Each structure stands twice: as C-alpha cells, then as structure tokens.
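Encoded as structure tokens, the structure appears first; notes follow it.
Laboratory data are not the source of any read-out in this text; all were calculated from the coordinates shown. Small disclaimer: the values here were computed from a predicted structure and weren't measured. Every residue, glycine among them, receives a Cβ derived from its backbone with ideal geometry; neighbour counts consider all protein chains shown.
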Amino acid sequence: MSGTKTAIEEGVLPTLTALLVALVAGDLLILSYGQSPSEVWRLMLSGTWGNAYGIGQVLYKATTLVFTGLSVAIGLRAGLFNIGAESQLAAGGFAAGVLGLLLPVSLTPWLAIPVCLLAALLGGAMVGFVPGVLRARFGAHEVIATIMLNFIVLAFLNWAISATGLAVTETLHTPVVLSTAVPRLAAYVPMFHGSAANGTILLALLTVVIVAWLLFRARFGYELRAVGLQPMAAESSGIRVPRVWITAMVLAGGVAGLGGTNFVLGYKNYFEDGFSGGAGFLGIAVALVGRNNPFGVLLAALFFATLSQGGLAIHALVPKQMVEVLEGIVILAVAVSVPEVRRLLRSRPAKAAVTTPVQA
C-alpha cells in the first residue's frame, strides 16, 4: 500500500510543484508589466473556462495535443525520444485530406470518415516507421532521425500540394471536402456555437483509453515498458528489442497522424500547409508534464490548451508571448522537480528508521 502511495506521490507532486513555480513566475512577469496578477488570471479564466466559446476552443486545441502528447509518451515509455510528432501529425492530416478528395462525392460520411481516419493513422505510422527502422537496424539515434525527418516530410508535403495541382489557386490548401467533415459539437450542443470543437475529441478520449490499456494491460505494453527501463535486461529475458522499437515508433506515428484529422476533417475540411502550428513539438511538453501516463497526458493537454487560448484573452494587458514563457517554465520545473521529489520521498523511510528507538 505504501509503495502505491509513493508511486502516486512521485507522479503528482512534481507536476504540482511545477505548476506552483509557473504560477509564481507568472505573477512576477505580470508585475513587471505593471499589471495586477489577480486581474490577469481572472481574465484568462473568464476567456477560457468562463464562457462557452472559450471552453470549445480549449477543447479543440486540447484534442490535437492529446494525440501528439500520447505519441511522445509512447516513445518515451519505450526509451525513445520521438521529436517527430510534428511531421507525423502533418502526414496524417495530408493523407486524410488527399484521400477525401479521391473518394466519390456520393460516398456517405459514415464510410468516408472512417476511411480517412484510417488513412491518417497509416500516414503518420509510415513516417514513424522510418526512424524506428533506422534505430533498430542501424543504431541511428531517433532524436536526430526524427528532427531531420520533420524538415524532409514538411518540405515534401509543401511540394506535393503546390507542384501537383492539389492546392486551390494562390493558396497552400486543398479544396474543401464536405463528405468527410466531422460534425462540430455546436451541432449537438448549441452553446459551443462559433468554436472549432468537433467530434474528433471523442476519438481522442477513445485513444487515451486504448493506449492506457495497451501500455498497462497488454503483453506488448509490458514488453515496451521493459525495453524502456532496461533494454539489455529485456533482451536477456527473450524480448526482441528491435521489434519493440519499430512497433513503438509506428504506433507513436500513427497516433500523432490521427491528430491531423482534428483540423483537416473537423475544422477546415481541407489540408493546409503549416496547419500543425507547432502542436507536435508542444506534445513533448504535454507528455513530460503528463508523466507519460495517458490520463496525465489528457490533463496536461487541457492545461496547455488553456494557456494557449488564455494568451489571446490576456493580450490586452500583457503580451501573449508570456504564455510561451510560462510553458517553458513548467517544462523546466518538471524536469528539475521530478528527481528532487523522488529523492525526498525515498529518503523519508531511511530517516524514520534512524530516528525510531530500538525496542528492547
């Protein structure tokens, strides 16, 4: 029982410490601009969770971050640092958007949408497959491979829509495909009218549950976590480490690719160059703050989405770039607080044993 309690503390306390540090740093930044911290935080909350439109926008932004955060978390659980979620996200959105153009217009959305979702999954998985193979077969470090692949994939997609005639004239986006449009939440909940929140959020929640089951209940999840903790020990126990690395990167890429459908199918209904807007890189922060736990990733995605949308609400008082500073502070605070909190928690039993008198 005490072991479970300690594990929960090690997972929760670093995050709470990081948020407290970010709050204090935010207060100092706000004061440096001559504003009242309480007024700025109040304005941020009222512009996000204080009205229906703000809630809808937070949910929309959090949806993409859930996918990219899960993608990074899957890689980290396997001991791989997947920095390629940005290109995997874009590849998934491209595959979904282009396939939507190729499908017959008469095809019912009940068939067209699942087919495009599958295309997004495969598009991201293909991009994830490359660094997985390079690591497993040739020993190439996945950080270098995924960073370079980001440039290659994004440049290729830019060329693909401009040089092949897929883009609308004088734009960098494909034509609108209404047959693959995922319904907006406003169609069922009128209070979300005007926001970009759409049904893709249900897919994100389902993906969280599936990834959690896969990591902590399935045999492959055990192998993946074993490889992440100690590859040599896992290999000596019969686990094929290269296969796990490749599968983990393919799965991570596929999950990130699904995130592209939030924009392509649920918002604009077309693929546009640069639509990812750094969500793949922000997924790294989401995974770290969420402690690589799928449900923690969900909460972290909501937190960072709140900061992102809140930055627009507080722009009248302080620069919206302050939000980016806070995001960086949270990440640094998590990185510093995790080992420190673990050290303090693990030193408690030892201290208790020393101070407890020996019974006769």
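Per residue, the average separation of C-alpha pairs within less than 8 Å and at least 6 apart gives region 207-269 a relative contact order of 19 percent. What label, among [x] 28, 54, 17, 2, 0; [y] 32, 62, 5; [z] 29, 62, 9, 0, belongs to P(r) over Cα pairs in 20 Å bins from 0, in percent computed from the structure on display? Among [x] 28, 54, 17, 2, 0; [y] 32, 62, 5; [z] 29, 62, 9, 0, the one calculated here is [x].
Ordered by the count of other Cβ atoms within 10 Å of each Cβ, fewest first, Ser195, Ser236, Ser179 give Ser236, Ser179, Ser195. Amide hydrogen proximity for Asn198: with H placed 1.01 Å from N in the peptide plane, the residues at 5 or more positions away or on another chain lying under 5 Å are Leu185.
Local charge for Phe304 was computed over the other residues whose Cβ lies under 12 Å away, with Lys and Arg +1 and Asp and Glu -1, and equals -1. Annotation for Ile239 and Phe216: the two label points, set 7 Å from Cα along the Cα-Cβ direction, are 1.7 nm apart. Note on the chain: helix-only mean residue ellipticity at 222 nm, from DSSP H runs of 4+ residues weighted -39500 (n - 2.57) and normalised by residue number, equals -25000 deg cm²/dmol.
Between Ser32 and Ser46, the simple spin-label model (points 7 angstrom out along Cα→Cβ) gives 2.6 nm. Loop-located trypsin sites (Lys or Arg not before Pro) across region 213-315 with a Cβ neighbour count of 14 or fewer within 10 Å are Arg217, Arg240, with loop assigned by DSSP. A simple spin-label model places pseudo-atoms 7 Å from Cα toward Cβ; at Leu332 and Leu206 they are separated by 4.1 nm. For region 152-194 versus region 77-125, the spacing of their alpha-carbon centroids is 12 Å.
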